[in-house]
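First up is the structure itself, then whatever we jot down about it.
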Amino acid sequence: MVNPINVIIADNQYLITTSLKTIFQDEKLYLVNEVATNKNDLLKALETKLASILIVDFAQIDFDNLSDLKKIKKEYPCLSILVLTNSVSKNELIELNNIGIYNIIFKTADKDEIYSALEATTKGKKYYSEDILEMLFELNDRRNMPNETDKQLTCSEIEIVRLIADGYTTKEIALRKHISFHTVMSHRKNIFRKLGVNSVSELVMHAVKAGMIDSIEYNI
C-alpha cells in the first residue's frame, strides 16, 4: 500500500478546510497533517509537521503580502505549493509566477480538478484553472505583439503548444483539458502542419521565436 502524501492546509474558511479533509479521507491518497488558520500557526506547522504539499489561500491568511509565501518557498524548497483561492488579480498572478508558484486553482474547482492540480503539484508540473490560464494568455499576448504565426493557430491549439512545451504528454493533455486522446492527437497534427515542424523540439523552438512561449515560460 502506498503511503499517503502529507498535506498542510492554510485557510481560515471552515467549510473549505472541512471539505478538503473529507475528500482526502475518502480517497486516502493525501493525509492532512495540520490546518492552519493564521500565519503563526502555519509557520509552526511547517517547522514541526512533515509535509510535502501546502494548500494555501493567501487571501484568507494574515500574510503581510505575497512576499511571505516567497519566504516560505525559499525556506522550504522541497515543499510543493498549491494556491486554492476564490479569486486572484492579474498583479497577484504575476507576483505568484515571479515567486515560482505555478499551481493555482479556484475554489469552484470540482473534485477531479483538485486531484489533477495536486498530482501536477507533486510532480513539479504547472497547473492552472482555465480562467487563470486565460488571464495568463492575455498577459502574455499584451506583452508579445501578435504575428502571422499566432494567427494561424486557434486559442485551443496555442494552449496545447504551451502544454507540450511544458512537458505534458498527449495523455496528460487529454486529461487536463477533458478531451479525448485522439482529439489531442488531431490538434497536434494540425499544429505541426500549420507551423511546418516535424518534432517537439522544432515546435518548442518555433513557439519561442513566435512569442507563444518564452524561456521562463509563464513568468510574465
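Mind checking which helices (runs of 4 or more DSSP H) fall wholly inside the stretch 1-87 and carry at least 1 residues that are within 21 Å of Ser129 (Cβ to Cβ) and in contact (Cβ under 8 Å) with a residue 40 or more places away in the chain? Break it down stepwise before answering.
On the way: elements: 14-27, 39-48, 67-75.
It comes to 14-27.
Kindly check whether there is at least one residue in the stretch 156-163 that is at pLDDT below 85 and not assigned by TED's automatic domain parsing to the domain that holds Lys90.
Within the stretch 156-163, the first condition is being at pLDDT below 85, and the residues that meet it are 156.
Next, from what is left, pick out any that are not assigned by TED's automatic domain parsing to the domain that holds Lys90: 156.
The answer is yes; a qualifying residue exists.
Which one of the conditions (1) loosely packed, with under 15 Cβ neighbours inside 10 Å; (2) out of contact with any Leu (no Cβ under 8 Å at 6 or more places or on another chain) does Asp68 fail to meet, given that it meets all the rest?
(1)
The values are calculated or read from the model by the stated rules, or taken from the named source; none is laboratory data. The shown structure was predicted, so the numbers you read here are calculated from the model rather than taken from an experiment. Glycine also receives a Cβ, built like all others from the backbone with ideal geometry; neighbour counts cover every protein chain displayed.
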